[in-house]
Every structure is written in structure tokens, then in C-alpha cells.
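Everything on this sheet refers to the single structure shown next.
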Amino acid sequence: MSYSIWYTSPLACCRCGSRTPPRGSRMRSAALNPDPSDRVVSPGDLLDVGLPDLAEAFEPSARWPPGAEMLALEAWTCPNCRSTQAALVTLASEGDVGWRLAAVRATGLTPEVLASVHGASRDLRDTMYPQQLALLNPP
Ligand SMILES: [Zn+2]
């Protein structure tokens, strides 16, 4: 069983415009953390995760040859208006050491975003329309 990574980055809601306080986004990635406990991370932190952890958490598309960077979409819910939406998680490879969290920011699920990212969490996929999933995972 894997545990969650919780993100501290403040997020700006794409629907109501409010901005969460630091640690207020309550955003997490389930199944990303191989350690037997939850972990709270901020941009700049090194995550001791490998390719199997990334694959389990974000189900990468064929667009992602494991390389220097992973752009992944995660779900989060605005604490003000309660809408569930997407955030873009940018991870930078540190070779054998793991992956560094470079940035987390709220994003809309535009065709351009869906066609440029490398994967998305199951929580977010469950909220997406078939057309969005097709852009995420082209045949
Ligand atoms: Zn909101």
C-alpha cells in the first residue's frame, strides 16, 4: 500500500478566483509515496520516488519517455467554492536520487494543457469527459 504526498503550494481557483492559503489547498497525490506514511512537500523538496511510483500515481501516456521532467495533472477541490479542478505538478529528475518537486499551480483542462502533459491521477481522470481523456492519451 502506498501513502499520500500532500502539497503545500497555494492555488488560485479557476472558478471563483480565490487563493488558498499555504497548506490550505488540501491537495494530495495518492499512490505516489512509497514510504509507509504520508508526507507534506513544498516546491524544491526532493521526493524519494522512482519511475514505478510515478507510473502508479499518474498513469503516464506514451507521450512520456522517462526523461528530465514530468508534467502531471492532479485533482484538488477549492475550499471556497468546492469545485474540483486540476493542478499541474512539475517534477524534475534528479537521476538515481529521485524527483524534485519544481512547481504546483492550478490549471484549466484546456486542449493545449491536455495535449502537453505526461499523465494524470486517477482521481482527476474520474472527473474528465471522454474527449478530455482522448487528448490526454492519444491512440
Ligand atoms: Zn473556488
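Bear in mind these aren't lab numbers, they're just calculated from the coordinates by the rules spelled out. Not measured: the values here are computed from a predicted model. Reconstructed Cβ throughout: ideal geometry from the backbone, glycine too, with neighbour counts over all protein chains shown.
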Along region 5-20, Karplus-curve 3J(HN,Hα) (6.51, -1.76, 1.60; θ = phi - 60°) to the nearest Hz, with x for Gly and Pro, reads 9, 9, 9, 9, 4, x, 10, 9, 5, 6, 9, 9, x, 6, 10, 6
Amide H contacts under 5 Å for residue 107, restricted to residues at least 5 apart in sequence or on another chain and with H modeled in the peptide plane, are 86, 87, 88
Rounded to one decimal in nm, the spacing of the 7 Å Cα→Cβ label points at residue 115 and residue 131 is 1.4
Residue 18 long-range amide H proximity, modeled H, under 5 Å: 13
State whether region 20-139 is rounded, prolate or oblate according to the following rule on the C-alpha gyration tensor (a ≥ b ≥ c being the square roots of its eigenvalues): a/c under 1.5 gives rounded; otherwise a/b larger than b/c gives prolate, and the remaining case gives oblate. oblate
Spin-label pair residue 16/residue 102, simplified geometry with 7 Å Cα→Cβ offset, distance in nm: 3.2
Would you mind ranking 112, 56, 74 by Cβ crowding within 10 Å, fewest neighbours first? 112, 56, 74
Singleton cysteines, the chain, no second Cys beta-carbon under 4.7 Å -> 14
Rounded to the nearest 20 debye, dipole of region 3-136 from Cβ charges on Lys, Arg, Asp, Glu: 680
